[in-house]
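Undergrad: Below: one structure in structure tokens.
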Protein chains: 2
Amino acid sequence: MKLKIEQLNLSHLISLVAKAVSPRSPKPALSCVKFSAGEEGLILDATDQELWIRSSSKDVEIEYPGEVLVDARLIEEIVKNLPKSDVQIETEENKRVKITCEKSKFELFTQEVEEFPEFKPPNPQFEFDLSPILLRDMLEKVMFSASTDEIMKNLNGVYIEIEGKTIRLISADGFRMALTEKEIATPDIPEQTPYMGFLLSLRSVREISRIIEAGEEEDKMHVIYDGKKIGLELNRTFVITQRIEAEFPDYKKVLPEGFKTKITLPTNTLYQSIKRIGVVAKPGSETIRFDIADNIFQISSTSSDYGNSKEEMSIEKEGDDIAIAFNPRFLLEALSRVDDENVTLSFIGPLSPTQINPATLSDYEFIVMPIRM
Amino acid sequence: MKLKIEQLNLSHLISLVAKAVSPRSPKPALSCVKFSAGEEGLILDATDQELWIRSSSKDVEIEYPGEVLVDARLIEEIVKNLPKSDVQIETEENKRVKITCEKSKFELFTQEVEEFPEFKPPNPQFEFDLSPILLRDMLEKVMFSASTDEIMKNLNGVYIEIEGKTIRLISADGFRMALTEKEIATPDIPEQTPYMGFLLSLRSVREISRIIEAGEEEDKMHVIYDGKKIGLELNRTFVITQRIEAEFPDYKKVLPEGFKTKITLPTNTLYQSIKRIGVVAKPGSETIRFDIADNIFQISSTSSDYGNSKEEMSIEKEGDDIAIAFNPRFLLEALSRVDDENVTLSFIGPLSPTQINPATLSDYEFIVMPIRM
């Protein structure tokens with residue numbers, strides 16, 4: 001392999017794929033980026049065997065084709081620091097790769113190319129286009145609710161459902177659940193698309209979000225799913241991930257019904273109040289209390305370490321009075337994702353799940369379990 | 001005590017003093033900020049008994065005077081989150097303090113005011129004015145070279161020397177030393193100022209830097225020193241710290257003399273080269289090698305894990321050829337503080353201290369010990 005590519009282009013390609021590398025793999029090949037030069041230009045691959053990221057560029061001069069495996073952290077750091085000039089990459093007989101840029105010369109050890117796993121994209125069984133910005137915004141609305149405990153495989157991710165032209169994302173950690181749904185705006189999705197539901201790991205969706213971030217507003221993302229693997233292609237970057245073979249809870253059963261109390265109030269006012277009043281809550285067991293009586297909504301907190309805090313606001317209430325307590329962080333994380341001037345809180349009782357949703361939109365819903373007072 | 005003050009003003013005051021609080025003191029009073037309302041307005045004090053920060057504002061309506069001790073972390077967080085409106089603070093009979101801002105009410109526990117140490121400013125034995133910006137820039141130029149090991153009391157700080165109209169700051173950690181000196185620009189320093197030299201802890205100088213950051217370009221800082229304590233006053237903020245009673249090494253003995261080799265080259269070019277070439281250096285025992293022969297300067301690095309790297313540049317050399325190795329981080333940290341287009345490197349030999357200084361200015365000097373090859 002011998003090729004020439006611009007430093008900025010190469011640095012961008014490496015940064016796209018390097019996040020798929022497993023940082024401490026017992027298999028040295030998995031801590032590498034694979035470079036393949038051929039008719040398709042320069043293709044870079046990285047994987048930890050759960051997540052695969054491939055990115056490529058045709059903007060490269062290939063003198064002769066070939067492949068090489070280079071330590072990902074090392075090559076990323078080197079290329080980032082090279083002058084903004086042409087970078088020449090050349091494999092040598094002694095299993096080394098030579099990188100030259102202006103007066104800088106690097107000779108790096110490489111791993112056996114054969115040790116790198118084989119690239120297996122999903123079969124194009126179901127495929128459709130999706131707005132990457134739409135997907136990123138939806139992920140941002142639910143990801144925070146996923147469990148960060150990797151042992152709880154079925155909650156450590158985002159469940160994605162596609163039903164007709166609707167895409168729905170759900171995350172839950174046992175104490176709360178966030179759900180968002182949108183129409184898939186592109187007309188390319190076939191009307192007869194069968195129901196699809198699959199769970200992706202939190203790690204995979206974080207990387208998908210990051211790759212979308214590097215894209216442009218008007219880009220289209222192509223999605224391929226074969227019942228086991230999901231592939232997403234954006235520009236010339238391809239992310240492949242396995243569906244998690246664990247059962248996501250039946251979220252429809254969790255959605256509360258038969259509310260007894262409903263209040264609607266300005267989203268930001270509520271957010272700021274909870275933030276302020278919650279400062280007094282005892283660290284480690286934060287609790288904030290809501291008392292809704294007649295048209296007064298009181299938010300308060302008490303801790304044996306610090307003292308107490310309270311604040312009142314006038315509200316329009318539907319239904320019964322209620323006293324209920326929550327973890328303030330859960331409320332703040334949900335409220336910061338409500339894209340509506342006003343927010344509706346719907347209560348069943350002090351021990352039942354409470355629903356938080358935008359007052360005028362129906363695209364987002366957050367369910368939180370109260371804390372027993 | 002009962003008073004009214006603007007939220008922004010109070011929040012700023014608290015953030016200035018709160019850094020002097022000791023985060024996990026066995027004495028609860030030392031985790032508090034002391035509020036004192038009286039003829040001087042509102043005075044806030046915080047200390048960990050090594051460092052004392054006092055700040056005050058006259059922009060306050062005092063209904064009746066008094067004092068109270070409130071947990072620093074708590075009051076800082078509460079006030080930061082209050083609406084931008086007037087804040088009322090009132091002490092209550094039950095040893096609580098009531099904080100009210102619009103519809104928010106906080107009742108916080110307090111500590112006994114008597115438990116707080118007594119404020120003892122230094123005697124105005126020696127005093128002069130100093131440009132805070134000058135002091136901050138000088139601190140920034142040397143602080144990185146101080147030892148971060150709190151056990152090594154004599155190196156875990158910055159040594160400050162005042163000799164006539166010259167102020168000199170020095171930090172060293174046993175492997176390197178940074179020195180900077182300037183003329184004190186203000187005419188207020190008496191010609192007959194005796195020699196002063198004192199060591200301040202790294203923690204104290206970091207807080208001094210931070211407080212200067214909050215000030216304005218044209219501010220003047222008043223310095224008082226009584227041989228034991230140093231007080232610095234900037235606007236209405238007063239920092240008092242003890243000199244460290246440990247002997248700082250005689251830096252004049254460390255300054256190398258009788259150079260055998262001198263090269264001068266563009267500061268940024270050298271910085272970028274070292275950064276690039278150093279990527280290949282083995283993490284944990286980073287080494288970068290300089291080979292200076294005739295008019296060629298080669299920078300290289302080799303590691304048994306990654307491979308090797310090298311780069312050459314043409315230079316004008318005075319004196320002998322030399323081969324010498326360094327920790328690249330030490331060089332980068334020094335070079336990033338050279339405010340000159342060109343930098344001069346002066347060598348004695350491969351085992352002797354090397355000097356790095358701006359090519360045309362004489363205000364900064366960095367000494368680094370080489371690594372045995």
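Please treat every number below as a calculation from the coordinates, not as lab data. Quick caveat: nothing in here was measured; it's all calculated off a predicted structure. When we count neighbours, we look across all protein chains shown, and the Cβ atoms used for this are built from the backbone with ideal geometry, even at glycine.
Undergrad: Restricting attention to region A:343-356, does a residue exist that is in contact with a Phe, Trp or Tyr (Cβ under 7 Å, 6 or more places away or on another chain) and within 14 Å of chain B (Cβ to nearest Cβ)?
TA: no
Undergrad: Looking at the structure I just gave you, is B:VAL343 assigned to a loop (DSSP other than H, G, I, E, B), crowded, with 20+ Cβ neighbours inside 10 Å and not hydroxyl-bearing (Ser, Thr, Tyr)?
TA: Working: assigned to a loop (DSSP other than H, G, I, E, B): no; crowded, with 20+ Cβ neighbours inside 10 Å: yes; not hydroxyl-bearing (Ser, Thr, Tyr): yes.
Criteria not met by B:VAL343.
Undergrad: Check whether at least one residue in region B:36-56 is over 23 Å from A:TYR271 (Cβ atoms), among the basic types (Lys, Arg) and assigned to a loop (DSSP other than H, G, I, E, B), and report yes or no.
TA: no
Undergrad: If you go through region A:67-114 one residue at a time, how many are part of a loop (DSSP other than H, G, I, E, B), buried (at least 17 other Cβ atoms within 10 Å of the Cβ) and small (Gly, Ala, Ser)?
TA: 0
Undergrad: So, one more: Return the total of residues in region A:317-335 being part of a strand (DSSP E or B) and among the basic types (Lys, Arg).
TA: Going through region A:317-335 one residue at a time, the tally reaches 1.
Undergrad: Another question, then. Based on this model, can you work out whether A:ILE356 counts as among the β-branched types (Val, Ile, Thr), under 29 Å from the mean Cα position of the chain (by Cα), in a strand (DSSP E or B) and within 18 Å of A:PHE175 (Cβ to Cβ)?
TA: Yes.
Undergrad: Name the residue that is farthest from the other protein chains (Cβ to nearest Cβ), counting only residues in region A:288-316 that are outside any strand (DSSP E or B) and charged (D, E, K, R).
TA: Within region A:288-316, the match that is farthest from the other protein chains (Cβ to nearest Cβ) is A:ASP294.
Undergrad: Can you pull out the residues in region B:1-46 that are under 20 Å from B:PRO83 (Cβ atoms) and small (Gly, Ala, Ser)?
TA: Listed by number, the residues that qualify are B:SER11, B:SER15.
Undergrad: If we scan region B:57-66, do we find a residue that is within 28 Å of the chain's Cα centre (by Cα) and surrounded by 20 or more Cβ atoms within 10 Å (Cβ to Cβ)?
TA: Among the residues of region B:57-66, not one is within 28 Å of the chain's Cα centre (by Cα) and surrounded by 20 or more Cβ atoms within 10 Å (Cβ to Cβ), which makes the answer no.
Undergrad: List, please: which pairs have Cβ atoms under 9 Å, are six or more places apart or on different chains, and start with a residue in region B:74-99 that is at positive phi and end with one that is part of a loop (DSSP other than H, G, I, E, B)?
TA: Listed by first residue and then by second, the contacts come to B:LYS95/B:THR110; B:LYS95/B:GLU112.
Undergrad: Select from region B:266-287 the residues that are within 13 Å of chain A (Cβ to nearest Cβ) and either in a strand (DSSP E or B) or farther than 27 Å from B:GLU181 by Cβ (or both) and list them in ascending order.
TA: Scanning region B:266-287 gives B:GLN272, B:SER273, B:LYS275, B:ARG276, B:ILE277, B:GLY278, B:VAL279, B:VAL280, B:ALA281, B:LYS282, B:PRO283, B:GLU286.
Undergrad: List the number of the failed condition for B:MET143; all other conditions in (1) more than 25 Å from the chain's Cα centre (by Cα); (2) not in a strand (DSSP E or B) hold.
TA: (1)
Undergrad: Another one. Among residues belonging to region A:74-123 that are among the charged types (D, E, K, R) and facing another protein chain (nearest Cβ under 7 Å), point out the one that is farthest from B:PRO283 (Cα to Cα).
TA: A:LYS103
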